[in-house]
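The values are calculated or read from the model by the stated rules, or taken from the named source; none is laboratory data. Predicted, not measured: the structure shown is a model, and the values here were computed from it. Please note: Cβ atoms are built from the backbone with ideal geometry, for glycine as well, and neighbour counts cover all protein chains shown.
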Amino acid sequence: MQRGKLREAMDLRASAPPPADDLAGNVAWLRDRTLIADLYDRYAYGVDSLDMALVRSVFHPDCVVVGTMEQGSLDDYLEGLELGLAMYHATMHFKGNQYIALAGDRGEVETWVVGYHMEAPGSPLDHLKLGLRYRDEVLRIGSEWKISRREAVLQWHTGPFPRPALGEPPYPRKPHKSGGAD
């Protein structure tokens, strides 16, 4: 059976735990996985509450983001994300399957997310639902983990994407200094 293009990219698998008799190794492995998983919980909470300081806290300051609408520096990504989210009456992001592969102080994480973007009552637009995969590189800084590179891969959507503007359109945004796209 042949896999489609979106499924071919699904190659990340979680790393195996240390041997069962290595108690310290297992505690460290579980702690790291919990701290990494918490990045995504905090990210979703920050996005849905429009707390951009909380969203920023999960990323390394030099993070590069390849998003569904644009790519560039963390500052540019967060600016565009905040503008995009503010157009909706409410959002809710749900984290599903997550695969964490660790190698010392670095790791790769693939997280499946469903994002619900709700229009205000009476809006002529349909609600937007997105199925995304975040393909992230993470690194340990001291005792914390941070996302150092993010690629958001759109798997599917229902409803208008990108959202049509009612009034002055915020998208597509004018190119910014770290754009990367020609």
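For residues in the range 98-107 being more than 13 Å from the chain's Cα centre (by Cα) and of a type outside the set (Val, Ile, Thr), which is nearest to His157 (Cα to Cα)? Ranking the qualifying residues of the range 98-107, first place goes to Tyr99.
Scanning the range 86-100 for residues that are under 13 Å from Tyr45 (Cβ atoms) and either in contact with a helix residue (DSSP H, G or I) (Cβ under 7 Å, 6 or more places away or on another chain) or crowded, with 16+ Cβ neighbours inside 10 Å (or both) turns up Thr91, Met92, His93, Lys95. Among the criteria (1) assigned to a strand (DSSP E or B); (2) within 19 Å of Arg56 (Cβ to Cβ), the one Tyr77 does not fulfil is (1). Of all residues in the range 150-165, which are within 16 Å of Leu81 (Cα to Cα) and in a strand (DSSP E or B)? Hits for the range 150-165 are Arg150, Glu151, Ala152, Val153, Leu154. Of everything listed in (1) more than 26 Å from Ala14 (Cα to Cα); (2) modelled with pLDDT of 95 or more; (3) surrounded by fewer than 15 Cβ atoms within 10 Å (Cβ to Cβ); (4) out of contact with any Asp or Glu (no Cβ under 8 Å at 6 or more places or on another chain), the single unmet condition for Glu82 is (2).
Within the range 52-71, residues that are within 22 Å of Thr34 (Cα to Cα) and without any contact (Cβ under 8 Å) to a residue 24 or more places away in the chain have Cβ atoms under 9 Å from residues that are among the charged types (D, E, K, R) and assigned to a strand (DSSP E or B) in these pairs: Ser57/Lys146; Pro61/Lys146, counting only partners at least 6 apart in sequence or on another chain.
Could you go through the range 49-60 and let me know if any residue there is closer than 23 Å to Trp156 by Cα and under 15 Å from the mean Cα position of the chain (by Cα). No - not one qualifying residue is present in the range 49-60. Checked against (1) modelled with pLDDT of 95 or more; (2) of a type in the set (Asp, Glu); (3) surrounded by fewer than 17 Cβ atoms within 10 Å (Cβ to Cβ), Asp11 passes all but condition (1). Filtered by the rule that a residue be under 15 Å from Tyr134 (Cβ atoms) and out of contact with any His (no Cβ under 8 Å at 6 or more places or on another chain), the range 46-59 gives Gly46, Val55, Val58, Phe59.
Looking across the range 49-66, the residues that are part of a helix (DSSP H, G or I) and surrounded by fewer than 19 Cβ atoms within 10 Å (Cβ to Cβ) come down to Met52, Ala53, Leu54, Arg56. For the criterion of being within 20 Å of Ala28 (Cβ to Cβ), touching a strand residue (DSSP E or B) at 6+ places or on another chain (Cβ under 9 Å) and among the hydroxyl-bearing types (Ser, Thr, Tyr), Tyr116 fails. Restricted to the range 19-48, and to residues there that are among the small types (Gly, Ala, Ser) and in a helix (DSSP H, G or I), the residue that is surrounded by the fewest Cβ atoms within 10 Å (Cβ to Cβ) is Ala24. Considered as a group, the residues in the range 124-142 that are over 22 Å from Val65 (Cβ atoms) and touching a Leu at 6+ places or on another chain (Cβ under 8 Å) include one that is surrounded by the fewest Cβ atoms within 10 Å (Cβ to Cβ), and that residue is Pro124.
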